[in-house]
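> One structure, pasted below without further comment.
Every number here is computed from the coordinates shown, using simple stated rules; none is lab data. Not measured: the values here are computed from a predicted model. When we count neighbours, we look across all protein chains shown, and the Cβ atoms used for this are built from the backbone with ideal geometry, even at glycine.
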């Protein structure tokens with residue numbers, strides 16, 4: 001029996017059970033923090049947020065079928081049992097760590113400055129050909145989301161792929177203490193969260209905190225094209241993947257089938273085979289390589305890996321391709337940093353159309369922000385982008401870099417309304433249009449305007 005009960009929750013968290021004796025041992029399965037997500041039997045975690053206090057929605061959670069609540073204060077007229085604790089956030093982390101250790105299945109942790117969600121989805125797809133897999137949903141990759149995902153584990157699951165996102169030192173250690181991954185994947189050490197982490201060496205230090213919480217018999221799976229990861233010693237077996245000949249698993253002969261799919265040959269000590277990735281972007285080959293490594297480690301055959309990868313689908317606004325009937329839109333508005341911008345531009349450059357990039361500010365890049373924006377623009381010119389449209393304060397430097405590297409057709413706008421008003425004169429029928437900026441720039445509004453042309 002691996003389900004939880006209010007009694008177990010109270011014992012594990014050191015909390016005080018409040019409720020009837022008949023409810024003390026009722027089954028609790030899964031945990032959520034939003035009352036609208038409650039399914040019968042769930043634990044509802046009352047979190048005090050900046051805009052709302054979860055305790056105010058405990059009554060609604062019970063109405064939706066919550067079996068128990070985790071709370072920091074009394075719930076008046078509670079329609080079910082609850083456990084009182086000093087901190088619901090710290091308690092849910094304790095509970096998540098406890099529940100994870102009840103399962104003797106492969107747990108794959110994954111992080112990286114770029115591509116962790118894509119790789120998580122690809123790995124889960126490949127493993128799904130053989131195993132029943134739990135994977136991180138939506139953006140539940142932080143110190144609240146990770147334990148919520150761990151608490152979703154039940155007897156059905158045969159493997160789990162847990163995404164682990166951080167922005168500062170110490171966070172990865174706290175996540176890994178809960179996840180205790182058997183295999184830990186790092187996609188790349190890139191230019192993200194530099195305000196907190198300083199530089200690439202700081203990013204490496206923060207991401208690799210996880211290895212201190214792994215069994216020495218665990219496995220590190222890293223992008224060997226990244227020099228910092230190539231040179232890093234995790235203190236355990238390390239398998240590398242990438243396109244350089246030095247890697248254990250190598251991607252070769254990557255080719256695109258327009259915006260519908262891409263192909264990649266995978267070479268490893270075990271042999272060679274070809275995967276077809278049913279989504280846009282040559283950068284997806286890196287994710288397919290990570291899936292090939294994990295699949296090989298867990299006994300998934302080459303044929304099963306190929307079959308699993310065929311079920312991959314992009315998540316949200318991550319290189320989502322739409323044929324509007326007028327243009328091809330590549331909506332990549334989820335987030336942006338220099339590494340992901342260059343990957344997006346590289347993929348755009350392969351399309352047989354007039355290639356237009358609409359780029360906005362990349363945030364949280366620290367003291368080198370100006371240089372990185374300028375270099376991103378220069379890379380756009382070198383990649384053969386036919387037209388560059390920039391919007392935002394820092395995006396002016398992307399424009400400058402593009403012009404300095406020989407780019408011809410370029411415009412810069414200070415505001416999104418100005419850009420939107422000018423779009424009909426900037427976009428031509430048949431264009432392939434990439435829209436990308438940091439999430440807080442809200443370029444989904446630009447993408448929608450392009451979609452409506």
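> Which whole number of Å³ per residue matches the convex hull of the alpha-carbon atoms in the chain?
Taking only Cα atoms, the chain has a hull volume of 148 Å³ per residue.
> Right, here's the next one. Among DSSP bridges having both ends in segment 6-95, what percentage is antiparallel? Round to the nearest 5.
So the antiparallel bridges amount to about 35 percent of the total.
> Sort segment 376-440 into rounded, prolate or oblate with this rule: let a ≥ b ≥ c be the square roots of the eigenvalues of the Cα gyration tensor; rounded if a/c is under 1.5, and if a/c is not under 1.5, prolate when a/b is larger than b/c, oblate otherwise.
oblate
> Now for a different question. What fraction of the Cα pairs in segment 103-309, stated in percent, has a spacing above 30 angstrom?
The share of Cα pairs beyond 30 Å in segment 103-309 comes to 16 percent.
> If the convex hull of the alpha-carbon atoms of segment 320-451 is projected onto planes in all directions, what is the mean projected area in square nanometres?
Averaged projected hull area, Cα only: 6.7 nm².
> Based on alpha-carbon centroids, what's the gap between segment 115-162 and segment 233-272 in Å, whole number please?
The two parts, judged by their Cα centres, are 22 Å apart.
> With everything on Cα atoms, drop me the angle between helix 284-297 and the longest principal axis of the chain, reported from 0 to 90° to the nearest 10.
Taking Cα atoms only, the helix is inclined about 40 degrees.
> Taking the highest mean first, how do the peptides 80-87, 110-117, 91-98 order by number of other beta carbon atoms within 10 angstrom per residue?
110-117, 91-98, 80-87
> Okay, moving on. If you take every DSSP beta bridge whose two residues both sit in the chain, what share of them, in percent to the nearest 5, is antiparallel?
Antiparallel: roughly 30 percent of the beta bridges in the chain.
> In addition: Given segment 6-95, what whole percent of its Cα pairs are spread farther than 16 Å?
The calculated P(r) of segment 6-95 puts 44 percent of pairs beyond 16 Å.
> What is the helix-to-structure angle for 369-382, meaning the angle in degrees between its Cα long axis and the longest Cα principal axis of the chain, kept from 0 to 90 and rounded to the nearest 10?
Helix 369-382 sits roughly 50 degrees off the main axis of the chain.
> Right, another one. Given segment 103-309, what percent of its DSSP beta bridges are antiparallel, to the nearest 5?
For segment 103-309, the DSSP antiparallel bridge percentage is about 35.
> May I ask you to order 46-59, 396-409, 269-282, 327-340 by the average number of other C-beta atoms within 10 Å around their residues, highest value first?
327-340, 396-409, 269-282, 46-59
> Okay, moving on. Quick check: the angle from helix 338-348's long axis to the longest principal axis of the chain, C-alpha only, nearest 10 degrees?
Computed tilt is about 60 degrees.
> Next question, about the same structure. Pull out the extension gain between residue 408 and residue 87, defined as 0.36 nm times the separation in residues minus the alpha carbon to alpha carbon distance; nm, one decimal.
Gain on stretching residue 408 to residue 87: 109.9 nm.
> Most exposed first by the Cβ proxy, i.e. fewest other Cβ within 10 Å, how do 16, 371 rank?
Lowest to highest Cβ neighbour count: 16, 371.
> Where does the chain land at 222 nm, in deg cm²/dmol rounded to the nearest 500, when only DSSP H runs of n ≥ 4 count, each adding -39500 (n - 2.57), divided by all residues?
For the chain, the value works out to -9000 deg cm²/dmol.
> Further question: Gap in Å between the Cα centre of segment 409-442 and the Cα centre of segment 278-339?
25
> Also, quick follow-up: Over what distance in Å are the Cα centres of segment 50-108 and segment 384-408 separated?
Spelled out, the Cα-based centre of one part sits 49 Å from the other.
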